[in-house]
Amino acid sequence: MIAKIVKGSGFREVTGYIIDSKKDARIIAHAGLFIEDVTTITKAFEAQAGMNPKVSRPVGHIALGFSKEDESRLTSRIMAEIALEYMGRMGIRNTQFFIARHFDKEHPHIHIAYNRIDNDGRTISDKNERIRSTRICKELTKKYNLYFANGKERVKQHRLKEPDKTKYGLYSILKSEVSRCGNWNILAANLKKQGVEIQFKYKGKSDEVQGIVFTMNGYSFSGSKIDRRFSFSKIDAALERNRRTERMEMQPLSRHEELPTFQPESSGNDDSYNGSIGLFMLDNTDGQAEENRFEEELKRRNKKKKQRKIRF
């Protein structure tokens, strides 16, 4: 979730842009306004802004964008809930506003239009609003368990030019392959299939590797230039973790886990009840003998206790 704070437009311009029919806009929440058309909304905004004419910029306009990965669960109701909480944390309260959802782009997003002159004629502060907004977006992304993309994942690769296009292509390939390979040979083979060559950089004339270079489409980048996680040392550590995980998964089961699971045959309508009885009937002879020994031992101990009491 990210926010874009827009400045410099009047109420009519902002309202007209947000509820433009070409964007298939849908108003999902509002307060203090009659939602009929651009003119009606604009007049209501301007009338309240007139309560404090000294404020030169009474128009508030914020766009909230979400990741495409969250699209399936971001209903209009949930987006409105997130937007209202965002507004509350930003101090946008007790004022006119409307929130509209747009469907003209590949990622879910909404627009918030509000009056910086609140219902009592006081000004809603915009001090440090961008800093506050960034912090609040991170908090809400975490609270609502939204997808959090790093900087590189937000880049639209189809718009990039070379060599950046190849660099980000390498980032995507390495992110996938490093996470699933167990050694350098497998990694190198998988990368080669995708047109990526590896070259190691050695320390002096020794065999000690101190760096790595990836080449694709005629462009070469050191691992750390693609991303810090792709330096030689960090890739090597990631491959070791993958090997360790694989070894743990291949270890023999413990003695307890090797015991066969008993699955009693059903002899009635209530399978779970019959199964629970069957667990105690695996070996009736041994079980009965053990129960007899336990009762004999219990009688012997009780007899000793009685004898001690008689002595005192």
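Values in this text are rule-based calculations from the coordinates and carry no lab data. Because the structure is a prediction, the values reported are computed rather than measured. Neighbour counts are summed over all protein chains in view; Cβ atoms, including those assigned to glycine, are modelled from backbone coordinates with ideal geometry.
Structure summary
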quantity: Nearest-0.05 FRET efficiency for residue 26 and residue 125, computed from C-beta distance (R0 30 Å); calculated: 0.50
quantity: Stretchable slack from residue 51 to residue 36, in nm (0.36 nm times residue separation minus alpha-carbon distance); calculated: 3.1 nm
quantity: Trypsin sites (Lys or Arg not before Pro) restricted to DSSP loop in the stretch 189-241 with at most 12 other C-beta within 10 Å; calculated: 203, 205
quantity: Of 23/167; 138/193; 7/225; 4/54, pairs whose Cα-Cα distance is over 30 Å; calculated: 23/167; 138/193; 7/225
quantity: Ellipsoid equivalent to the stretch 2-143 - semi-axes via the Cα gyration tensor, in Å; calculated: 24, 18, 12
quantity: Paramagnetic reach from residue 244 in the stretch 182-216 [backbone N under 16 Å; point 7 Å along Cα→Cβ]; calculated: 182-183
quantity: In the stretch 1-89, the trypsin sites (Lys or Arg not before Pro) that fall in loop regions by DSSP, at most 15 other Cβ within 10 Å; calculated: 7, 54
quantity: For the stretch 157-250, projected area of the alpha-carbon convex hull averaged over all directions, nm²; calculated: 6.8 nm²
quantity: Distance (nanometres) between label positions extended 7 Å along Cα→Cβ at residue 203 and residue 6; calculated: 5.6 nm
quantity: Taking only Cα atoms of the stretch 54-111, radius of gyration then Dmax in Å; calculated: 12.9, 45
quantity: Per-q log10 I(q)/I(0), the stretch 1-60, q = 0.20 Å⁻¹ (Debye; single scatterer per alpha-carbon; no solvent); calculated: -0.87
quantity: Loop GluC sites (Glu not before Pro), the stretch 33-142, which have at most 13 other Cβ atoms in a 10 Å radius of their Cβ (DSSP); calculated: 36, 106
quantity: Label-to-label distance, nm, for residues given as residue 210 and residue 105 (7 Å Cα→Cβ offset); calculated: 4.5 nm
